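In what follows, a single structure is set out as structure tokens and then discussed.
The values are calculated or read from the model by the stated rules, or taken from the named source; none is laboratory data. Computed from a predicted structure; not experimentally measured. Glycine also receives a Cβ, built like all others from the backbone with ideal geometry; neighbour counts cover every protein chain displayed. For accessibility, only protein heavy atoms count, side chains too; no ligands or nucleic acids. Shrake-Rupley method; radii C 1.70, N 1.55, O 1.52, S 1.80 Å.
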Amino acid sequence: MQSVTYQLETSEIDERFIKSIKALFGEGRVKVTITPEEKEIANPALLSSLDTANEAVVAYDIPADEFQALADKVLTDESFDAIATIKQFKINR
């Protein structure tokens, strides 16, 4: 198993960075571990939300560009069925 370690500012974690990780590892699954350099994290309340989301059996994998298009359509088209559209991105863990 090959691993890569990045040390960067949180502001550098953007779509370009995510795309580079996808290009490096290709299709499949990766394990992501994030360790802050400071002793405390900015919003500890989010940790329980992330833990709950990670335990979910069902998840939705929506690419960033498609998510933005969906969000735009929800805001501009009252008849748009967002739930039915999002179900297309459902994945089982």
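Based solely on its DSSP helices, what 222 nm [θ] is calculated for the chain when runs of n ≥ 4 H residues each add -39,500 (n - 2.57) and the sum is averaged over all residues, nearest 500 deg cm²/dmol?
Result for the chain, helices only: -12500 deg cm²/dmol.
How large is the charge dipole for the chain, taken about the Cα centre, if only the Cβ atoms of Lys, Arg (+1) and Asp, Glu (-1) carry charge, to the nearest 20 debye?
480
How about residue 31: which lysines have a C-alpha closer than 16 Å to its C-alpha, ignoring those fewer than 8 places off in the same chain?
19, 22
Below 8 Å, C-alpha to C-alpha, sequence gap of six or more: please give me the relative contact order for the chain in percent.
30
Using only the alpha-carbon atoms, what does region 1-50 span along each of its principal axes? Please give whole angstrom values in decreasing order.
Sorted from largest, the Cα extents of region 1-50 read 32, 21, 20 Å.
Of 26, 54, 64, which is farthest towards the positive pole of the chain's charge dipole, taken about the Cα centre with +1 and -1 on the beta-carbons of Lys, Arg and Asp, Glu respectively?
Most positive-ward Cα: 26.
Give me the percent of the accessible area of the chain that comes from carbon and sulfur atoms, probe 1.4 Å, all protein chains in place. Working shown, then result.
Values: 4710 of 8850 Å².
So the carbon and sulfur contribution to the accessible surface is 53 percent.
I'd like to check one number: the per residue accessible area of the chain, probe 1.4 Å, reported in Å² as a whole number.
Accessible area per residue, the chain: 95 Å².
For the chain, what is the Kirkwood estimate of the hydrodynamic radius, computed as the reciprocal of the mean inverse distance between distinct Cα atoms, to one decimal in Å?
Result for the chain, one decimal place: 16.3 Å.
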